[in-house]
Amino acid sequence: MSAPAILLEVEDLHTSFGIKGRRTPAVRGVSFMIREGEALGLIGESGSGKTVTGLSLLRLLPEHAHMDATVLNYRGRDVLGMSDEAFRAIRGVDLAMIFQDPVGSFNPAKRIGWHLEQAILRRGDTQDWHAEAEAILADVGIRAPERVLGSYPHQLSGGMLQRALLAMIIALRPSLIIADEPTTNLDNLVERQILELIRTHQRKLGASVLFITHDLAIAGEICDRIAVMYAGQIIEIGPTREVLERPKHPYAAGLLATSASLDRGDAELHELPGEPGGAIPVRGCAFAPRCAQAMAACSERSPPLVVVGPDHLARCLLHEH
């Protein structure tokens, strides 16, 4: 049986921000691909470049940002070469994003029904949008779809609004969903419900997902593969079980130890030393100042991604042969 086709291919993605006349890198040479129907998790501490990576792919960066890549292909089409008009034709239909705070995805002056109508009509369907909208809302666990259709965004709770946003995504039937920590502001029960809905409808739609999160447990439940980011780079990428059970980069291992400590409720939590982020070194490994296994060479040479197992890569001099 042949492997699924590649939906999205990213090679050497760089994104920087112009601040006070200087350019500050946020994403540095990120490369990955997502297959049809696959869920790829992008994990790491705040400031690691996860969200900027997602925004870069959808051209949702502020004016003072600059993005470039060697390759950025969607179903074999060169996205970098597309005009803004051509790209807008696929963004929000073929490519969709679920944000941390769903409020920004809605026009506060328009009812939820209007938003769902626009999503269904944008897809090109001329059938009764109202009946379909009610059916989709019911499918995402909204028991009174008619009331929600008539509500304004501010009249719904965070969990209800996230369900309404998910309904909009389902109405568009995208092939790629970028989910940026979509359950961050929800309580544990609602979080689990939303995650299950995302997973269920990903399968129903046959969609691919780029799932951005700092929560390893969530990534382990939803994702087929995991990419770990640090200081704007992917420092480990591989099958979910391999990365979570046999991490090859000290940073990934540290994140896992911290997560396990939290899950066990240890009186003394395991913590990674030092602070995330900070200045990116001109040369050497960005994680070296926080790494218990750092060698002298780690301050001199920037480690490349090397093969550490089947479909498993790590950016660490410990694995150089």
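Remarks
- Here the strands (runs of 3 or more DSSP E) wholly within the range 1-71 that include at least 2 residues being within 23 Å of G81 (Cα to Cα) and not acidic (D, E) are 6-19, 22-35, 65-68.
- Test: residue in the range 185-193 that is basic (K, R) and touching a helix residue (DSSP H, G or I) at 6+ places or on another chain (Cβ under 9 Å): no
- Of the set (1) over 26 Å from L156 (Cβ atoms); (2) modelled with pLDDT of 85 or more, all apply to A217 but (2).
- Condition met for T70 (modelled with pLDDT under 90 and more than 29 Å from Q193 (Cβ to Cβ)): no
The rows are residues; the columns are (1) assigned by TED's automatic domain parsing to the domain that holds F32; (2) outside any helix (DSSP H, G or I); (3) closer than 17 Å to M97 by Cβ; (4) touching a residue at least 40 places away in the same chain (Cβ under 8 Å).
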site: G159; (1), (2), (3), (4): no, no, no, no
site: R163; (1), (2), (3), (4): no, no, yes, no
site: R192; (1), (2), (3), (4): yes, no, no, no
site: T200; (1), (2), (3), (4): yes, no, no, no
site: V209; (1), (2), (3), (4): yes, yes, yes, yes
site: I226; (1), (2), (3), (4): yes, yes, no, yes
site: I237; (1), (2), (3), (4): yes, yes, no, yes
site: R241; (1), (2), (3), (4): yes, no, no, no
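- Every pair of residues 6+ apart whose Cβ atoms lie under 7 Å, when the first sits in the range 68-85 and is polar (S, T, N, Q) while the second is surrounded by 15 or more Cβ atoms within 10 Å (Cβ to Cβ) and not in a strand (DSSP E or B): N73/V79
- All of I170, I222 fail the test of being touching a strand residue (DSSP E or B) at 6+ places or on another chain (Cβ under 6 Å) and not hydroxyl-bearing (S, T, Y), apart from I222.
- For first residues located in the range 267-285 and in the same structural domain as E45 (by TED's automatic domain parsing), partners that are of a type in the set (D, E) and modelled with pLDDT of 75 or more and lie 6+ apart or on another chain with Cβ distances below 9 Å form the pairs L272/E45; P276/E45; G277/E45; R283/E300; G284/E300.
The values are calculated or read from the model by the stated rules, or taken from the named source; none is laboratory data. On a predicted model such as this, the values are computed, not experimentally measured, just so you know. Here the Cβ is made from the backbone with ideal geometry for all residues, glycine too, and neighbour counts use every protein chain on show.
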